1. Counting other beta carbons within 10 Å of each Cβ, put 100, 356, 246 in order, fewest first.
2. Would you calculate the convex hull of the Cα atoms in segment 78-152 and tell me its volume per residue in Å³?
3. Among 90, 378, 357, pick out the residue whose Cα is farthest towards the positive end of the charge dipole of the chain, where Lys and Arg carry +1 and Asp and Glu carry -1 on C-beta, about the Cα centre.
4. Using DSSP to define loop residues, name the trypsin sites (Lys or Arg not before Pro) in segment 341-408 whose beta-carbon has at most 14 other beta-carbon atoms within 10 Å.
5. Which loop-located trypsin sites (Lys or Arg not before Pro) does segment 290-332 contain, where loop means any DSSP state but H, G, I, E or B and the Cβ has at most 11 other Cβ atoms within 10 Å?
6. Whole Å is fine, so just give me how far the alpha carbon centre of segment 258-333 lies from that of segment 434-453.
7. Using Cα pairs under 8 angstrom and six or more residues apart, how large is the relative contact order of segment 197-304, in percent?
8. If Lys and Arg each add +1 and Asp and Glu each add -1, what is the summed charge of the other residues whose beta carbon sits under 15 Å from the beta carbon of residue 286?
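Quick note: the coordinates plus some simple rules give every number you see, no bench work behind them. Everything quoted here is computed from the prediction, not taken from an experiment. Cβ placement follows ideal geometry from the backbone for every residue including glycine, while neighbour counts extend to all protein chains displayed.
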Amino acid sequence: MLTNNARELLTAIVGKENVETSQASKLVYSFDATPQFQAMPDAIVSPRSASEVAQVVKWCNEQEIPVVPRGSGTNLSAGTTPLQGGIVLLMKHLDKILEIDEENLTVTAQPGVNTLELMEAVEAKGLFYPPDPSSMKISQIGGNINENSGGLRGLKYGVTRDYVLGLEVVLPNGEKIRTGGKLAKDVAGYDLTRLFVGSEGTLGIITEATLKLIPMPETKKTVLALYEDMEAAARTVSKIIASKIIPSTLEFLDQPTVKVVEDFSKIGLPTHAKAVLLIEQDGDAAVVEKDIARILSICEENQAIEVSMAASEAEAEALRTARRSALSALARLKPTTILEDATVPRSEIANMVYAINQIAEKHQVEICTFGHAGDGNLHPTCLTDARDKEEMERVEQAFEEIFTTAVALGGTITGEHGVGAMKAPYLHLKLGVAGVEAMRSIKQAFDPKNIMNPGKMFAKENRQRVVVKQ
Ligand SMILES: Cc1cc2nc3c(=O)[nH]c(=O)nc-3n(C[C@H](O)[C@H](O)[C@H](O)COP(=O)(O)OP(=O)(O)OC[C@H]3O[C@@H](n4cnc5c(N)ncnc54)[C@H](O)[C@@H]3O)c2cc1C
C-alpha cells in the first residue's frame, strides 16, 4: 500500500491522472499474458517523459519500492507480474516515432510505440524493420527489446537484438545514459546496448531506442508443404539449409495445431497432413525464383505429399496470419494454455518433436507443437486446466523434462519469450550455477537495492505461481 504522502509525491511528478491506485486498476495490472501468475501492484504510474521516468525511478530507489516496467503485457514468461508489489510503470505516453533517418537507415522511437505501427511507418518509406513477433499488433518496441523478441522472419533476418543500435536508459538510481547510436561500428567499451537487450526490465528503463533498418526486399514467394510424418518435414528443413538457401520464413505446425488453426481461421488449411511447413523466400526477383524452384524440388524429394505456392499476396498473408494465430486458436480449447519455447539446434528438430510427444504421452498431458522450424525454436503448447491440481503437477513435470531434453540436445529453455518468473526455476539448466551467479553479479552492479522487476530471472526459489498480494 502506498502512503498518502507517497501518492502525493508521485502525483507531483506525473500528474494526478497518471497515478492509478483503484482496486480495479491494480487488478488489471496484476497479471500479463502468462497463465497462473498474478500479484497485485500498489500503484500504476504513467510518466509522460524520460525525465519523469527518471524522477519516479530515483524516488523508488530511495524508498526501495519495486518498479515493474510494462509495455503491452503480452509477454509469456510472467515478466510483468508485480510479484513483490510496488509500481507498475506504464509506457503508454512514450509512444512517439521520433525520426526515420533515410540516410543512416535508422528509426528512433520511444518504447511505447506499437511494433506494427513502427513497421508500417518505415515501410511507407520503402524501408524494412524485420523483427515480427506474432503479437506485433499489440506489443510495444520497449517490450520487444526487453524480451529480445523474434518472429517468423528470424531465420534470415535475425531477432530484435540484431536491429538495436542505440538506447537511452534510465538506471535504477535515476541517472540517464545513452549507449551506441546511429553507428555501423562502435567498440567504445563494454557493449551495454546488447546487455540491455533481453534484460527483461531488470537493469533499467529503456526510454528511447535507435533501430537499424534495411531496404525493403523486392519480392516474396510463399510455399505450403504437407507431410505424412514429422521426420520428412524435419528432413526437408535440414536439406533446405544444407543446400545453402536461407528462407525468410520456415515454420512448422503439427496436425493438432493445423486442425485448431483451420477451425479458427477457416482459410482451407490441409487438416489431413501430419505436419505442415510454411516456407517463404524474399529478395531480388531472380534469386527468389531460383530459390523457390530449388525449395519445391527439395520438398518433393523429401516425401512431401503436396506442395503448393500461394497464388497471390492476399493468400500468402492469410497463411502467415493463420500461423500467427496459432496460440490464440489453441487458447480456445481449454481453460489454461501454457506455451513454451524450448529451442534446439535445427538439426535436432525431429528428435525434439519426437521427445515432446513421448513426454506428453508419459505424463498423459495434451501438447500441440508449432514453431520456427528454421531456427529450431519450437512452441510446445499444453492445453490444460489450472484448477486441476493433479494434472498441473503432471504438466510441470512434463515441461521440466522438455527443458532438460532441449538442453541435452544442445538447446535452451527459451528461444524468444525470456525467463521472467516462469522459467527462473530452470535457468540453471542452461547456464549452470556459476553462470546464474555471473548474471546475478551484473544485476547487483546495476541495481544494488533490487528494485527493478524483482523476482524475475533469478527467482529460483519462487516456484509458487499465483501470488495475489492485496
Ligand atoms: C499471441 C501472442 C503471440 C506472441 N508471439 C511472439 C512471437 O512470435 N515472438 C516472440 O518473441 N514473442 C511473442 N510473444 C510474446 C510477447 O508478445 C513478446 O515478448 C513481446 O515482445 C512483449 O511485448 P510487450 O510490449 O507486451 O511487453 P511486456 O509484456 O509489457 O514486457 C515484456 C518485458 O519487457 C519489460 N519492459 C517493457 N517495456 C520496458 C521498458 N521500456 N524498459 C524496460 N523494460 C521494459 C517488462 O518489464 C517485461 O520484462 C507472443 C505473445 C502472445 C500473447
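1. With the fewest neighbours first, 100, 356, 246 line up as 246, 100, 356.
2. 98
3. Positive-end residue among those listed: 90.
4. Working: sites: 346, 362, 387, 389, 394; in loops: 387.
Of the trypsin sites (Lys or Arg not before Pro), the ones in loops of segment 341-408 whose Cβ has at most 14 other Cβ atoms within 10 Å are 387.
5. 332
6. Centre-to-centre (Cα) distance: 43 Å.
7. Numbers: 132 pairs, mean separation 43.5, N = 108.
After rounding, I find 40 percent.
8. -1
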